[in-house]
1. Which of rounded, prolate, oblate describes region 121-163, given a ≥ b ≥ c as roots of the alpha-carbon gyration tensor eigenvalues and a/c under 1.5 marking rounded, otherwise prolate only if a/b is larger than b/c?
2. Once whole DSSP H runs in the chain are found, which of them have Cα atoms spread over 20 Å or more along the helix axis and a mean Kyte-Doolittle score of at least 0.5?
3. Quick one: net charge around residue 80, please, counting Lys, Arg +1 and Asp, Glu -1 for every other residue with C-beta under 11 Å from its C-beta.
4. For the pairs 138/214; 142/297; 162/214; 84/200; 54/169; 106/169, flag any whose C-alpha to C-alpha distance is greater than 22 Å.
5. Just check region 112-246 against the gyration tensor rule for me: Cα atoms, a ≥ b ≥ c as the square roots of the eigenvalues, rounded for a/c under 1.5, and otherwise prolate or oblate depending on whether a/b exceeds b/c.
6. State the antiparallel share, in %, of DSSP beta bridges confined to region 50-206, rounding to the nearest 5.
7. Could you tell me what percent of the DSSP beta bridges with both partners in the chain are antiparallel, to the nearest 5?
8. Bin width 10 Å, alpha-carbon pairs only: give the P(r) of the chain as whole percents, running from 0 to the bin holding the largest distance.
Amino acid sequence: MKAKTVMLLAVLCLVALSIVLIERSKPAIPDGPVDATRPDAVADAAVADIIAAKEAQFPYAPELIPTGEFINTEPLTLAQLRGKVVLVDFWTYSCINCIRTLPYLKQWHDSYADAGLVILGVHTPEFAFEQDPENVRKAVNKFGITYPVMQDNDYRTWRAYKNQYWPRKYLVDIDGFIRYDHIGEGGYEETELAIQALLKEKVERMGEDMVVEKPIVTPPTAVERGFVATPELYFGSAFRRNAGGNSEGYPAGETVTYAAPVSREPNTHYVIGTWTITPDYMELQSEGSVLLTYTAKNVNIVASSDPAQEVQVLLDGQIVDSDDLIGDERLYAIVLTEASGTHELEIKGKKGLRMYTFTFG
């Protein structure tokens with residue numbers, strides 16, 4: 001009996017030891033976002049010292065987590081792009097702030113792709129229609145984007161980078177570190193100088209004979225932003241930051257008939273007619289109008305209509321020429337003026353008009 005007990009204990013010990021060895025042989029599973037192939041060892045001692053110094057100052061760029069298609073490229077990872085400078089640009093195609101940055105991104109692609117810059121547009125949708133890969137492809141073609149674009153429909157890459165803004169740009173160096181971060185529009189010269197600095201590091205590290213310090217040029221298609229006092233205004237119940245001015249309210253999922261307002265406040269939108277409120281938009285079920293007193297230079301709407309329809313745009317009571325045939329789900333420029341000012345705007349439409357948001361410039 002004693003011999004059997006000893007043998008049983010020995011077997012149990014061997015089983016436990018085997019389990020420990022098996023567990024130790026498994027690869028580690030990270031709890032959070034995966035760094036883009038952080039190197040375990042670097043043969044060149046000088047490069048190893050450089051990387052060690054960077055680790056003390058800069059974060060590694062999280063790896064891409066695509067949820068959707070790749071456009072203009074085969075699927076990419078940051079691990080594959082090690083040794084290049086990568087500009088990760090979070091954008092979405094109906095965002096006017098993103099659209100105004102595109103001429104600069106396209107210029108940088110044209111100027112520096114041969115030197116080792118890869119621009120990657122991470123398309124993270126604000127509205128449901130921006131998840132459709134065909135819509136994204138149409139927008140990429142319309143804007144003349146030739147650099148890679150990746151769909152981030154489930155916000156996984158967005159969350160890995162702890163991002164909260166459209167647009168936002170991260171510059172990743174040849175060793176996979178985030179070396180520069182810019183939120184929103186502007187900072188174009190600063191960004192281009194940062195690109196040049198990281199490309200210069202690449203050229204020197206790899207012993208390349210290449211000039212990367214080029215003159216800073218403003219794209220001919222760049223749009224000057226005017227003074228804006230009116231914030232972005234949303235219509236859908238999921239995005240509504242401004243409650244709107246109609247006394248009838250905006251109950252989610254319901255259809256409401258709105259009377260003309262007795263009085264109006266500036267920077268607050270009002271609707272007239274019968275509208276259905278959805279998470280993304282309000283849809284007109286009759287003839288109706290949208291009213292707004294705003295202060296800005298230009299006015300854009302994200303809108304759509306099925307079937308397509310012409311809307312009438314009145315500025316201070318006068319009909320204006322505008323991008324007035326509303327059809328596909330996208331951004332439409334409805335007012336373009338020479339200077340910023342305060343104006344009374346009315347948009348008249350028919351059944352099928354969907355209003356997502358106002359944006360200004």
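1. On the way: a/c = 2.82, a/b = 1.52, b/c = 1.86.
Oblate shape, in that a/c is at least 1.5 and b/c is the bigger or equal ratio.
2. Values: long enough: 2-25 (35 Å, 1.68); 96-112 (25 Å, -0.56); 188-206 (27 Å, -0.51).
Span-like helices here: 2-25.
3. Taking every Cβ under 11 Å from that of residue 80, the sum is 0.
4. On the way: 138/214 32 Å; 142/297 24 Å; 162/214 32 Å; 84/200 11 Å; 54/169 20 Å; 106/169 14 Å.
Where the Cα-Cα span goes over 22 Å, the pairs concerned are 138/214; 142/297; 162/214.
5. prolate
6. 55 percent
7. Details: 58 of 69 bridges.
Here the antiparallel bridges make up roughly 85 percent for the chain.
8. Binned Cα distances yield the sequence 5, 20, 25, 19, 13, 8, 5, 3, 1, 0, 0.
Bear in mind that the values in this text are calculations on the coordinates, not laboratory data. This one's a predicted model, so the numbers in the text were calculated from it and none came from an experiment. Neighbour counts run over all protein chains shown; Cβ positions are idealised from the backbone, glycine included.
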